[in-house]
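The values are calculated or read from the model by the stated rules, or taken from the named source; none is laboratory data. Please read these numbers as outputs of a predicted model, since none were measured by experiment. Reconstructed Cβ throughout: ideal geometry from the backbone, glycine too, with neighbour counts over all protein chains shown. Areas reflect the complete protein model, heavy atoms only, side chains present, ligands, DNA and RNA absent. Shrake-Rupley method; radii C 1.70, N 1.55, O 1.52, S 1.80 Å.
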Amino acid sequence: MVAPPDNDVLWARALHFQHNGSPALNGVSLGVREGEILAVTGRRGSGKTTLLQCLAGLLPAQQGEVWFNSTPVHTMGPLTRERLRRDRFGWIDPVPLLVPELNAWENAALSLLLRGTSRRRAKAAALEWLERLDIGGCARKRPYELVQSERQRVAIARAIAAAPTVLFADEPTAPLFRADRVQVLRTLASAARSHGITVVLATQDPDTAALADRTVSLLDGRRVHTLQLPPLTETEGRTACSLSA
């Protein structure tokens with residue numbers, strides 16, 4: 001095993017994963033710097049969600065290595081990975097997964113409560129982020145009383161309130177109306193930068209990818225490297241035009 005660079009909070013090498021014999025990841029390697037917002041882009045089925053799940057320890061890669069702060073995640077057992085996700089990682093699904101018996105602020109505080117944070121502090125943090133996401137008035141409502149876009153904001157508040165070291169966001173604004181996406185994305189980016197949270201998000205939406213510091217593209221489970229060609233000189237431009245004519 002080769003240890004990752006010191007400035008990479010996440011580092012993956014040659015990840016492979018198959019779903020029922022169909023390759024989802026085919027040798028993907030990448031590093032994510034501390035405090036960076038990284039967008040993983042690609043069309044549906046390109047391997048974005050699988051990559052995030054492997055990086056977060058939700059899905060052990062069948063081949064390859066995943067490191068978090070120079071600690072090998074790929075050698076951890078299930079319980080150790082679960083503690084890592086509880087204490088250091090946050091996750092936002094494209095569909096909000098809330099506990100139906102809990103109201104909005106209790107759902108938003110859940111990650112903190114599971115870490116052992118006092119109920120008073122967890123509630124204060126949850127209410128703060130519900131307000132910042134413009135659903136403070138829904139704090140005492142149960143999930144069935146909320147529309148889909150409101151439930152998604154609760155799920156986002158839950159992920160941010162715990163101030164994770166790394167936040168994984170899989171199409172985080174998918175259930176939101178386009179008019180609401182910009183405000184939610186700005187809040188997410190602002191929270192990440194003010195709290196030093198590293199964000200890895202998967203998206204097909206160019207507007208969502210635009211908030212990232214850097215973009216990695218996937219195609220059929222592989223990284224796509226775009227070749228940047230130098231600009232044409234005036235002479236080369238005239239030659240190209242004459243050839244095309």
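General remarks:
- Considering residues of the range 165-181 that are at negative phi and in a loop (DSSP other than H, G, I, E, B) only, the residue modelled with the highest pLDDT: T165
- Count of residues meeting criterion [open to solvent by less than 50 Å² (accessible area, probe 1.4 Å), assigned to a strand (DSSP E or B) and farther than 23 Å from A192 by Cα] in the range 41-66: 2
- Filtered residue count, the range 77-92, keeping only those that are of a type outside the set (K, R) and closer than 21 Å to A109 by Cβ: 7
- Exactly one residue out of R153, R178 is charged (D, E, K, R) and free of Cβ contacts under 8 Å to residues at least 12 places away in the same chain: that is R178.
- Verdict on Q152 being at pLDDT below 90, surrounded by 13 or more Cβ atoms within 10 Å (Cβ to Cβ), within 24 Å of L130 (Cβ to Cβ) and polar (S, T, N, Q): no
- If only residues of the range 83-109 that are of a type in the set (A, V, I, L, M) and open to solvent by 40 Å² or more (accessible area, probe 1.4 Å) are counted, the one that is farthest from the chain's Cα centre (by Cα) is L102.
- Lone qualifier among L15, L38, L30 - being outside any helix (DSSP H, G or I), closer than 19 Å to L219 by Cα, in contact with a Gly (Cβ under 6 Å, 6 or more places away or on another chain) and not β-branched (V, I, T): L15
- Complete set of residues in the range 211-233 that are open to solvent by 80 Å² or more (accessible area, probe 1.4 Å) and modelled with pLDDT of 85 or more: D213, D220, R222
- Residue check for T187: at pLDDT below 90, β-branched (V, I, T), part of a helix (DSSP H, G or I) and open to solvent by less than 70 Å² (accessible area, probe 1.4 Å): yes
- Scanning the range 110-132 for residues that are surrounded by fewer than 21 Cβ atoms within 10 Å (Cβ to Cβ), touching a residue at least 12 places away in the same chain (Cβ under 8 Å) and either touching a strand residue (DSSP E or B) at 6+ places or on another chain (Cβ under 9 Å) or of a type in the set (K, R) (or both) gives R115, K123, R132.
- Hits in the range 67-79 (condition: open to solvent by 60 Å² or more (accessible area, probe 1.4 Å) and part of a helix (DSSP H, G or I)): H74, T75, P78, L79
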